[in-house]
Amino acid sequence: MTLGPITVLVGRNSSGKSTYLRSLPLLRQSIVTRTSSPILWYGDLVDFGTYGTSVTDNDPANLIEFTFGTDVLTPAKENFAPWELEEEATYRGASYRVLITPEGDLTRIKSLHLEFVDPKLNYSVELDSDGQIKTLRVNGNDIDLKLDGITLAVTTGTIFPEFRVVRKEANERPPHNYYMYMRRGSQRLIELVEAFLRPRLSARLTQDRLQEIAVKAMGLGPSPEDTIKHKRHRIGNKSLTNFLNSLSLEKNADLRREFSNIIAAAYLPQLLNRSTSVFKLMISETLYIGPARARSERYYRYQDLAVSEIDPDGKNFPMFLNSLGSSRLRQLSKWVEGLFGYGLTVSTEGAGHLSINIIEGKGLSSNLVDVGYGVSQILPVLAQIWWARERLPPASIRASVPALLAIEQPELHLHPAHQALLADAIVGEARSNAPDATKRRDVNFLIETHSETFINRLGELVSSGKINADDIRIILFEPEASGDRITTTSIATFNADGSLNDWPYGFFQPSIG
């Protein structure tokens, strides 16, 4: 399921909307907390219980699968050898799939799969209970991993593991300078290339010379079968060039394909580590706010805390406002006032107490408790929407990684007119995704709602040109009538005039029959 700038989940109760949306905070709490298993089922953000309560039909024999994808993946330049810097490698259509299985009281990764559309690459890795690699298949072909002094493994306790090449004796032999460069950072598995070339090149080659040739062979890239012909003369090594010339012959097509898979296998550590780091960054930037926000109070105990985001239930909302500082609090208040007609302030009441006040009309101030329950429920949502764009990303986050805000039923306790204004708020922030917009960062929204008013208002905003129709995707969750707890999903989109395509008749009406 592809997420757009605004993705809306709709459907009847118990159709799976919340489970789908909560999978994002589930993943986030799993990667920001040190765990013994890939998934932290119960944490600070959401509670899924255990593996047994989360798996289909509560049957531990079933596996849980997660799939992540991105349009473009560019490996970091520091992982390239000098001659590769001229051609920055780009991998399109990256897809990472991981299967989770129970292991006693814990869970572990049973297998992981990495695939690219261009260049066409397909990796499949089976793991044992210690995270060591049992089998590796590249493009459907088994790779022989019997290498002296080397163990291949992935890190355990995370759904986004790193590939590890563990050498039993690190100083077993003095490596060639090029070889040492290739080991640094990227950990490409060049020993596989060495093992393939050793019986096929001159027996008089020294170990250092063989290492250098293996490194140069890596310059062909992870999909060399189609590039051997036009790259073989650029390798700069006579022995390797002669070997590549022989591989170019039609009669050696099978050997050429085998060599191609070996080179691709040697690139797996770099490609897996880069892919998982990108997906990990994306998930770590997920914000979440749940459907039931904490009831407002007249006074709050002051806590000397620096709050960087709002809890899913909004309990720390007063401390969040207090942590913003006067300048940013005024910015938030002005933003809310521009949408809903009222601003907000935080004031100190006596020793160690705070209160949240709503400012209306000609500066009239009222305690949040006195202005209606709906206002107290929507304010944490509005603040989270504003903060998703305003907050600065960590230094490790690239500017191209968008923030993702997942919201459950933001319209609860809101008058229909305010439900429509909520759509205005979300569209206003999502428009920052436009290339020519002045913004701090991109924000994508994943929203679960039961509000027909909210959906209709999105259509009106499309019709008026406030947002492009392509920027909104509506996912419909519909349980099958069989009673087997199977839910099907479909996608509805808006036309340019704001009307819905593929919207089922009577979707918001009660069932008859």
Explain nothing, just the number: relative contact order of the range 466-505, from Cα pairs under 8 Å at least 6 residues apart, as a whole percent. 36
Please compute the net charge surrounding Gly4, taking Lys and Arg as +1 and Asp and Glu as -1 over other residues with Cβ under 12 Å from its Cβ. -2
Averaging sequence separations of C-alpha pairs under 8 Å and six or more residues apart, then dividing by the length of the chain, give the relative contact order as a whole percent. 15
Just the number, please: carbon plus sulfur as a percent of the accessible area of the range 212-364, 1.4 Å probe, no ligands or DNA/RNA counted. 48
Alpha-carbon centroids, the range 453-496 and the range 267-328: separation in whole Å: 27
In terms of the charge dipole of the chain, which places +1 on Lys and Arg and -1 on Asp and Glu at the beta carbon, the residue among Gln409, Pro161, Ala214 farthest towards the positive end is Ala214
Could you report the chain's accessible area per residue, 1.4 Å probe, as an integer in Å²? 49
Ordering His415, His113 by how much accessible area each has at a 1.4 Å probe, largest first, what is the list? His415, His113
Sequence-distant residues sharing a close amide H with Gly43 (under 5 Å, placed H): Phe48
Sequence-distant residues sharing a close amide H with Ile64 (under 5 Å, placed H): Ile100
Rounded to the nearest 5, the percent of DSSP beta bridges in the chain running antiparallel is 75
Förster-model FRET efficiency, 30 Å R0, Lys466 and Ser308, C-beta, rounded to 0.05: 0.50
Positive end of the dipole of the chain, charges at C-beta (+1 Lys, Arg; -1 Asp, Glu), about the Cα centre: which of Ile150, Leu197, Trp41 has its Cα farthest in that direction? Leu197
With R₀ set to 51 angstrom, the calculated FRET efficiency between the beta-carbons of Tyr299 and Thr74, to the nearest 0.05, is 0.50
His450 accessible area, 1.4 Å probe, all protein chains in place, Å² to nearest 10: 70
Could you list the square roots of 5 times each eigenvalue of the Cα gyration tensor of the chain, that is, the equivalent ellipsoid semi-axes, sorted largest first and rounded to whole Å? 51, 25, 23
What is the calculated FRET efficiency for Arg328 to Tyr373, with r their C-beta to C-beta distance and R₀ = 22 Å, to the nearest 0.05? 0.25
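The values are calculated or read from the model by the stated rules, or taken from the named source; none is laboratory data. None of the values given here were measured: they were computed from a predicted structure. Methodologically, a virtual Cβ is constructed for each residue, glycine included, from the backbone with ideal geometry; neighbour enumeration extends over all protein chains shown. SASA here: full protein model, heavy atoms, side chains in, ligands and nucleic acids out. Shrake-Rupley method; radii C 1.70, N 1.55, O 1.52, S 1.80 Å.
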